[in-house]
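Engineer: To start, I am sharing the structure in question, which I have written as structure tokens.
The values are calculated or read from the model by the stated rules, or taken from the named source; none is laboratory data. Keep in mind it's a predicted model, so treat the numbers as computed, not measured. Glycine also receives a Cβ, built like all others from the backbone with ideal geometry; neighbour counts cover every protein chain displayed.
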Amino acid sequence: MIDNIPIKQRLHITFGKYDALIYTGNLDIAKLWERVLRRAGLPILYSEGFNPRPRIALASALPLGISSECEILDVSLREIIPLDGLADRLTATSPAGLRIFAISEVPVRSPTLTQHIRSAEYRVTLDTDTNLSTLQDRIARLLASDHFAQERERKGKPVTVNARNLINDVRLDADGSLILHLSTGDQGNLRPDELIRALELDDHYLTIHRYRLHMTMP
């Protein structure tokens with residue numbers, strides 16, 4: 001944190017993205033949140049300089065087309081406000097598809113959320129005609145392997161790396177949904193669509209929903 005910035009209060013807002021909002025990118029979600037906070041009358045803290053920016057940050061980027069119930073927004077305020085009734089105030093100024101689940105206060109000098117995000121869990125809803133037995137065999141082979149190819153770009157050139165350590169778990173749930181537990185954040189990131197493609201499910205899934213973020217907090 002910067003000593004000369006007078007942060008009086010920091011909030012973590014847990015929210016969800018649903019409906020058409022899942023096709024809004026992360027930069028636009030941040031801008032949307034700025035409008036929501038301003039319309040609700042929150043005393044947002046802005047950075048100094050010629051191009052002041054709101055002191056807000058998303059915990060983890062969410063790929064387009066994925067719904068979620070566990071996104072977190074870090075908000076710095078220049079005044080202390082009560083939390084009672086705040087969720088209702090924000091909901092009243094929020095667009096359709098943005099749902100607020102929890103608001104908590106954190107120490108003003110807490111490290112950024114992005115430093116502590118480690119992994120995320122996703123639920124993939126599959127077509128009813130998906131052959132679950134065949135899929136289970138593919139999952140078993142994937143987990144038994146010590147290699148998973150991931151395409152990345154380094155210094156403007158495409159490279160292939162082994163991202164097997166970014167796969168924490170892949171399993172079928174009791175209802176036939178596919179559960180993916182993948183690393184995300186500063187330590188490495190693996191998108192769910194990369195696993196879906198590897199499991200040959202491009203034409204057999206309906207939705208992807210992120211339902212849990214794992215993090216280490218001091």
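Engineer: For region 114-128, check the following and say yes or no: at least one residue is of a type in the set (Lys, Arg) and surrounded by 17 or more Cβ atoms within 10 Å (Cβ to Cβ).
Structural biologist: Scanning region 114-128, I find at least one residue that is of a type in the set (Lys, Arg) and surrounded by 17 or more Cβ atoms within 10 Å (Cβ to Cβ), so the answer is yes.
Engineer: Considering only region 70-89, I want to know if a residue exists there that is of a type in the set (Lys, Arg), surrounded by 15 or more Cβ atoms within 10 Å (Cβ to Cβ), touching a Pro at 6+ places or on another chain (Cβ under 9 Å) and in contact (Cβ under 8 Å) with a residue 24 or more places away in the chain. Break it down stepwise before answering.
Structural biologist: First pass over region 70-89, keeping only residues of a type in the set (Lys, Arg): 78, 89.
Then keep just the ones that are surrounded by 15 or more Cβ atoms within 10 Å (Cβ to Cβ); that gives 78, 89.
Imposing the further condition that a residue be touching a Pro at 6+ places or on another chain (Cβ under 9 Å) reduces the set to 78.
From what's left, in contact (Cβ under 8 Å) with a residue 24 or more places away in the chain: 78.
Yes; the residues of region 70-89 include at least one that is of a type in the set (Lys, Arg), surrounded by 15 or more Cβ atoms within 10 Å (Cβ to Cβ), touching a Pro at 6+ places or on another chain (Cβ under 9 Å) and in contact (Cβ under 8 Å) with a residue 24 or more places away in the chain.
Engineer: I've got another one for you. For Glu105, indicate whether it is over 19 Å from the mean Cα position of the chain (by Cα), loosely packed, with under 15 Cβ neighbours inside 10 Å and closer than 26 Å to Ser47 by Cα. Working first, answer last.
Structural biologist: Values: over 19 Å from the mean Cα position of the chain (by Cα): yes; loosely packed, with under 15 Cβ neighbours inside 10 Å: yes; closer than 26 Å to Ser47 by Cα: yes.
Considered against the rule, which asks whether it is over 19 Å from the mean Cα position of the chain (by Cα), loosely packed, with under 15 Cβ neighbours inside 10 Å and closer than 26 Å to Ser47 by Cα, Glu105 comes out as yes.
Rundown of residues vs (1) touching a Leu at 6+ places or on another chain (Cβ under 9 Å); (2) in contact (Cβ under 8 Å) with a residue 40 or more places away in the chain; (3) outside any strand (DSSP E or B), yes/no style:
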position	(1), (2), (3)
Ala120	yes, yes, no
Arg138	yes, yes, yes
Glu151	no, no, no
Asn168	yes, yes, no
Arg171	yes, no, no
His181	no, yes, no
Tyr211	no, yes, no
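Engineer: Could you tell me which residue of region 131-158 is surrounded by the fewest Cβ atoms within 10 Å (Cβ to Cβ), considering only residues that are of a type in the set (D, E, K, R) and modelled with pLDDT under 95?
Structural biologist: My answer is Lys155.
Engineer: Let me ask another. Tell me yes or no: at least one residue of region 7-30 is modelled with pLDDT of 95 or more and touching a Cys at 6+ places or on another chain (Cβ under 7 Å).
Structural biologist: yes
Table: residues versus (1) at pLDDT 95 or above; (2) not polar (S, T, N, Q).
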site	(1), (2)
Asp129	no, yes
Asn168	yes, no
Arg210	yes, yes
Leu213	yes, yes
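Engineer: Also: Please verify whether Ile103 is aliphatic (A, V, I, L, M) and assigned by TED's automatic domain parsing to the domain that holds His204, treating the condition exactly as stated. First the steps, then the outcome.
Structural biologist: Working: aliphatic (A, V, I, L, M): yes; assigned by TED's automatic domain parsing to the domain that holds His204: no.
When the stated conditions are applied, Ile103 does not pass them.
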